[in-house]
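Working notes for the structure below.
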Amino acid sequence: MKTLSLMIQNSRTRLILLIVIILTIVNLAAVITVMVNIKNSRVPVKNNPFPREIPGDSTVDGRGPAFLIKELGFDEEQQNAFKESHIRFRNEARPLFIEIRQLNGEVMDEILKDKPDASMLDALSLKIGGLQARVKQLTVRHLLETKSIASPDQQVKLEAFYRELLSRDSGPMRKGMEHQHRRGQRRSGNE
C-alpha cells in the first residue's frame, strides 16, 4: 500500500514538473518571438516621433507606434499625448521584462539540475505570472489612454488594431484548440 501511495506521489510530482517545464518553454518561446519581431520591425522612418532608444515597441504584424499614428491620422497634439503615454508605458514595463528574463533564466537553471526542486519552480512560475499580469495592466492602461485621445472615427480604426494586438495572448495553443474543435465537429457530423 505504501509503495502504491509513493508511486502516485511520484507521478503527481512528475506531472507537475512536466507542466512547469512546458509552461516555461512556452513562455521562453513567446518572449523570444516577441523580441525577434520587435528587432525586425525597427526600421528608421524620417520624422518618426518615436526615437529608436525606446525598445520593445508593441507591434501588430511589424506595425508599431509610428504606423498607428499615421494610420489613425493623429494631429500633433494627439501625437504628443500618445508619445507621452507610450514612453511612460515602456519605462514602467522595461524593468518588468528584465525581471521576467532573469526569472526565466533561474527556471532554466533549476530545470537543468539533476534533481530540480518542483516547489521552487512553482514559486518562480507564479512570480513570472504576477509580473506578466502587471505588464498586461500597464498595456491596458496605455491602450485606454490611446483610446481617450482618439476621435470617435479613430476609435473605430483602433478596434481592429486592439483586437489583433490582444489576441496574440491566445497564442498557437488557441488556434490548435479551434482546429481540434472543428475536426471534432466534422467527425461527429460524419458519424
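The values are calculated or read from the model by the stated rules, or taken from the named source; none is laboratory data. None of the values given here were measured: they were computed from a predicted structure. Methodologically, a virtual Cβ is constructed for each residue, glycine included, from the backbone with ideal geometry; neighbour enumeration extends over all protein chains shown. Quick note on the areas: whole protein, heavy atoms, side chains included, nothing else; ligands and nucleic acids left out. Shrake-Rupley method; radii C 1.70, N 1.55, O 1.52, S 1.80 Å.
With the structure loaded, tell me whether residue 82 is at pLDDT 80 or above, surrounded by 13 or more Cβ atoms within 10 Å (Cβ to Cβ) and not in a helix (DSSP H, G or I) or whether it fails that test.
Values: at pLDDT 80 or above: yes; surrounded by 13 or more Cβ atoms within 10 Å (Cβ to Cβ): yes; not in a helix (DSSP H, G or I): no.
Spelling it out, it is not the case that residue 82 is at pLDDT 80 or above, surrounded by 13 or more Cβ atoms within 10 Å (Cβ to Cβ) and not in a helix (DSSP H, G or I).
Is at least one residue of segment 121-131 closer than 30 Å to residue 69 by Cα and either in contact with an Asp or Glu (Cβ under 8 Å, 6 or more places away or on another chain) or assigned to a helix (DSSP H, G or I) (or both)? Talk me through it step by step, then tell me what you get.
Quick first cut of segment 121-131, residues closer than 30 Å to residue 69 by Cα only: 131.
Subset that is either in contact with an Asp or Glu (Cβ under 8 Å, 6 or more places away or on another chain) or assigned to a helix (DSSP H, G or I) (or both): 131.
Checked against the condition, which is being closer than 30 Å to residue 69 by Cα and either in contact with an Asp or Glu (Cβ under 8 Å, 6 or more places away or on another chain) or assigned to a helix (DSSP H, G or I) (or both), segment 121-131 yields at least one hit.
In segment 87-118, how many are open to solvent by less than 80 Å² (accessible area, probe 1.4 Å) and over 17 Å from the mean Cα position of the chain (by Cα)? The total comes to 10. So in segment 6-46, with the set limited to residues that are under 17 Å from residue 113 (Cα atoms) and among the hydroxyl-bearing types (Ser, Thr, Tyr), which one is modelled with the lowest pLDDT? Filtering segment 6-46 for residues that are under 17 Å from residue 113 (Cα atoms) and among the hydroxyl-bearing types (Ser, Thr, Tyr), the one modelled with the lowest pLDDT comes out as 13. Screening the candidates 60, 140, 135, 156 for the property of being closer than 20 Å to residue 26 by Cβ and either at pLDDT below 95 or open to solvent by 30 Å² or more (accessible area, probe 1.4 Å) (or both) yields one hit, 135. One residue alone among 116, 95 is under 24 Å from residue 29 (Cα atoms) and not in a helix (DSSP H, G or I), and that residue is 116.
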